[in-house]
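The values are calculated or read from the model by the stated rules, or taken from the named source; none is laboratory data. Given the structure is predicted, the values throughout are model-derived calculations rather than measurements. Glycine gets a Cβ as well: all are built from the backbone with ideal geometry, and neighbour counts include every protein chain shown. Note: areas computed on protein heavy atoms with side chains; ligands, DNA, RNA excluded. Shrake-Rupley method; radii C 1.70, N 1.55, O 1.52, S 1.80 Å.
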Amino acid sequence: MEQKLNHFDHKGNAVMVDVTEKKITKRTAIASGKIKVSQKVIEAVISGTAKKGDVLGVARVAGIMAVKQTAQLIPMCHTLLIQKCSVDFEVKEKTCEILARCTVKLEGKTGVEMEALTGVSVALLTIYDMCKAIDKSMVIGDVHLEKKTGGKSGDYIY
């Protein structure tokens, strides 16, 4: 069965999806990604000695702010009333990686996958920004949707 793309009208013009007739459901999305850093960066993050301040604290706030701004960044995203957002980190000292995970929840007519992906991406970019004076060779990757619940398409687990 061929799936019809719903971001285009009958003339092929890009449009925002009409969700007026959709039912309100509880929706959750969890996205994650990681940044590979040097030993010096890991040490600065753990010890709190980065010149720009609390790296993970600032990255957490940046990720949450990004979630709330997703509709301004991605043209066809709906403006949503986010009801829960968290950004958490796992510092993996041995492998010099920082894993970021963003969870977004609401009750609404459209999902929050793009918000979670935007939140985790901006959190990782903020880590890069705050640590680039120490080492510019950081690599951001593996940004993906881990899980989503709610809506017509049902649940998804990566």
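Please identify the helices of the chain, taking whole runs of DSSP H, that span at least 15 Å along their own axis as judged from the Cα atoms and have a mean Kyte-Doolittle score of -1.0 or higher. Length and hydropathy pass: 55-68, 113-131. Structure remark: mean-square fluctuation, Gaussian network model of the chain, C-alpha springs under 10 Å; the largest value among Val17, Val61, Val104 belongs to Val17.
A cut-off under 9 angstrom between Cβ atoms defines the neighbours of Asp88, and their net charge, with Lys, Arg +1 and Asp, Glu -1, is +1.
Taking all Cα-Cα distances within region 94-158, those exceeding 17 Å account for 50%.
About its Cα centre, region 18-71 has a charge dipole of approximately 80 debye under the convention of +1 per Lys or Arg Cβ and -1 per Asp or Glu Cβ, with nothing else charged.
Here the accessible area is traced with a 1.4 Å probe on the protein chains. For the chain, carbon and sulfur cover 56 percent of it. Backbone geometry of region 77-92 corresponds, through the Karplus equation with coefficients 6.51, -1.76 and 1.60 at θ = phi - 60°, to 3J(HN,Hα) couplings of 6, 7, 6, 10, 8, 5, 9, 7, 8, 9, 10, 10, 10, 10, 8, 9 Hz, x marking Gly and Pro. For a label point 7 angstrom out from the Cα of Lys40 toward its Cβ, which stretches of region 88-120 have the backbone nitrogen within less than 15 Å? Output list for this probe position: empty. Put simply, the amide H of Val143, placed in the peptide plane, has neighbours under 5 Å in Lys34, leaving out anything fewer than 5 places away on its chain. Placing unit charges on the Cβ atoms only, positive for Lys and Arg and negative for Asp and Glu, gives the chain a dipole magnitude near 160 debye about its Cα centre. Between Glu107 and Asp9, the C-beta separation translates, for a Förster distance of 30 Å, into a calculated FRET efficiency of about 0.60.
Dipole size of region 64-140 about its Cα centre, with +1 on Lys/Arg Cβ and -1 on Asp/Glu Cβ: approximately 100 debye, rounded to the nearest 20. For region 16-46, the list of trypsin sites (Lys or Arg not before Pro) that fall in a loop by DSSP and count at most 10 other C-beta atoms within 10 angstrom reads Lys23.
Between the listed residues Val19, Gly33, Ala44, the Cα displaced farthest toward the positive end of the dipole of region 9-55, a dipole computed from Cβ unit charges relative to the Cα centre, is found at Ala44. Each other residue within a Cβ distance under 12 Å of Leu124 adds +1 if Lys or Arg and -1 if Asp or Glu, for a net charge of +1. Phi-derived couplings, Karplus 6.51 cos²θ - 1.76 cosθ + 1.60 at θ = phi - 60°, listed residue by residue for region 96-105: 6, 10, 10, 8, 10, 9, 10, 10, 10, 9 Hz, with x used for Gly and Pro.
For region 1-100, the solvent-accessible area works out to 69 Å² per residue, with a probe of 1.4 Å and every protein chain left in place. Sites count as exposed loop sites when they are GluC sites (Glu not before Pro), lie in a DSSP loop, and have at most 13 other Cβ atoms within 10 angstrom; the longest stretch of the chain without one is 22-92. Helical runs assigned H by DSSP (4 residues or longer) give the chain a calculated mean residue ellipticity at 222 nm of -9000 deg cm²/dmol, each run adding -39500 (n - 2.57) before division by the residue total.
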